[in-house]
1. Of (1) open to solvent by less than 70 Å² (accessible area, probe 1.4 Å); (2) modelled with pLDDT of 95 or more, residue 16 satisfies all except one. Which?
2. Looking at segment 161-182, which of the residues that are closer than 28 Å to residue 13 by Cβ and in contact (Cβ under 8 Å) with a residue 40 or more places away in the chain is most open to solvent (accessible area, probe 1.4 Å)?
3. Counting only residues that are assigned to a strand (DSSP E or B) and touching a residue at least 40 places away in the same chain (Cβ under 8 Å), which one in segment 36-81 is farthest from residue 106 (Cα to Cα)?
4. Quick check, is residue 71 open to solvent by less than 40 Å² (accessible area, probe 1.4 Å) and either out of contact with any strand residue (DSSP E or B) (no Cβ under 9 Å at 6 or more places or on another chain) or at pLDDT 95 or above (or both)?
5. From the list 125, 115, which one is outside any strand (DSSP E or B), in contact with a helix residue (DSSP H, G or I) (Cβ under 8 Å, 6 or more places away or on another chain) and open to solvent by less than 40 Å² (accessible area, probe 1.4 Å)?
6. If you check 126, 105, which single one turns out to be among the small types (Gly, Ala, Ser) and within 14 Å of residue 159 (Cβ to Cβ)?
Amino acid sequence: MHHRRYVGGDFERIGHWQYKYIRSYTDISPQTKFLDIACGCFRLGKLMIPYLDNNCYFGIDSNREIVGAGLEFELKDINKDFNVSVNSNFDFSFCSGYDIAWANSLLSHLTLHDIKTLFVNLKSISNEENTCYFTYFDKERTPGRHRGNSDTSHARKDFYHDWLDIKDTLVDVGWNCIKTPVQNHPRHQTIVCAKIT
């Protein structure tokens, strides 16, 4: 189960927290087109795919090995059609559009430059009705825990960002974002809701 450790361990608890949060605080339904950004080995996908109708789940990740392990071990008994893309360029062309996008902890491994690229590319398949939720480590919520961020995004390093830097980065590329009222992330990350302007 190396793939479960690779994505940070605590696999079942984090997966169930994500699923419960989305079901409780968004307007998701089985017909919702759901985009799981940085889906990894389907910690969330193994719960979300059975809930959604066929072909309503879209997962994207950069790590082919981890996605492959998820397909083999986590989704082997799921009889639903879904869509997955492995690429490191935030290429969303495989996705025919979405209603809700979700990126748990992805921004906690990205530079601001790569965060901007992510949201520029996501905007190409977005409209004003779509909503993107994401989480990140906020410097203000984790005093004393963070060091200077690396100059290069890295899946195994934690990045801590200022809220205004995150907000300004998204505004620059045509997104509005607000912190969600419910901040109960199990790893004390900040949860944000974003929509294009």
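The values are calculated or read from the model by the stated rules, or taken from the named source; none is laboratory data. Predicted, not measured: the structure shown is a model, and the values here were computed from it. Here the Cβ is made from the backbone with ideal geometry for all residues, glycine too, and neighbour counts use every protein chain on show. Note: accessible area is taken over every heavy atom of the protein model, side chains too, but ligands, DNA and RNA are not part of it. Shrake-Rupley method; radii C 1.70, N 1.55, O 1.52, S 1.80 Å.
1. Of (1) open to solvent by less than 70 Å² (accessible area, probe 1.4 Å); (2) modelled with pLDDT of 95 or more, only one is false for residue 16: (1).
2. 182
3. The residue in question is 58.
4. No: the conditions fail for residue 71.
5. 115
6. Being among the small types (Gly, Ala, Ser) and within 14 Å of residue 159 (Cβ to Cβ) holds for just one of 126, 105, which is 105.
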